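Values in this text are rule-based calculations from the coordinates and carry no lab data. The shown structure was predicted, so the numbers you read here are calculated from the model rather than taken from an experiment. Here Cβ is always computed from backbone atoms with ideal geometry, including for glycine, and neighbour counts include all displayed protein chains.
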Ligand code: 4NP
């Protein structure tokens, strides 16, 4: 199993959106048996909460399921468990490395590295911007390209 973890600050807006969208792509491509997806936040404030109302509305509008998703905090064992950690911004990357030193077996990247011609290098946080549409557009393009990247690396059809 290839394990992918999306990471943001609160695990209620951006990374749950990415988890739901990425899982939807994985299902569409019939890769559920090969790729597992999860998300977590570097902060603890929203542990146990469902995705933010704005993220839920966006996913409902796009007919993408977020069933059963609950916020959790990143922990050290995630570093033993996942093959890819996909962060939403530079601060997430810094916080991840605070938790664990660099581990060459895990690919730690930013989602925006997979979005072409983007005006920003971090995924804007709709918790503060209120713009869930903008975040959705960037996250969905990024997730699609991350999936292509993983499929290529692992020779998946
Ligand atoms: P997220 O957004 O990292 O995309 O889930 C945030 C949600 C909550 C907080 C910050 C960011 N907060 O400070 O509570």
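The simple spin-label model puts a point 7 Å past each Cα toward its Cβ; for residue 29 and residue 102 those points are separated by 2.8 nm. Counting neighbouring beta carbons within 10 Å and listing from fewest to most, the residues 45, 79 come out as 45, 79. Full extension of the chain between residue 118 and residue 77 gives 11.5 nm of extra length, using 0.36 nm per residue less the Cα-Cα distance. Considering all alpha-carbon pairs of the chain, what whole percent are spaced by more than 19 angstrom? Tail of the P(r) past 19 Å holds 49 percent of the pairs. Ratio of Rg to Rh for the range 67-157: 0.97 [Cα atoms; Kirkwood radius as inverse mean 1/r over pairs].
Diffusion coefficient (Stokes-Einstein, Kirkwood radius over C-alpha pairs, 4 °C, 1.567 mPa s) for the range 3-55: 114 µm²/s, rounded to a whole number. Among 88, 112, 58, 1, the order by Cβ neighbours within 10 angstrom, fewest to most, reads 1, 112, 58, 88.
Note on residue 153 and residue 70: their simple-model spin labels are 3.0 nm apart, each label 7 Å out from Cα toward Cβ. Among 4, 109, 139, a tally of other beta-carbon atoms within 10 Å of each Cβ gives an order, fewest to most, of 109, 4, 139.
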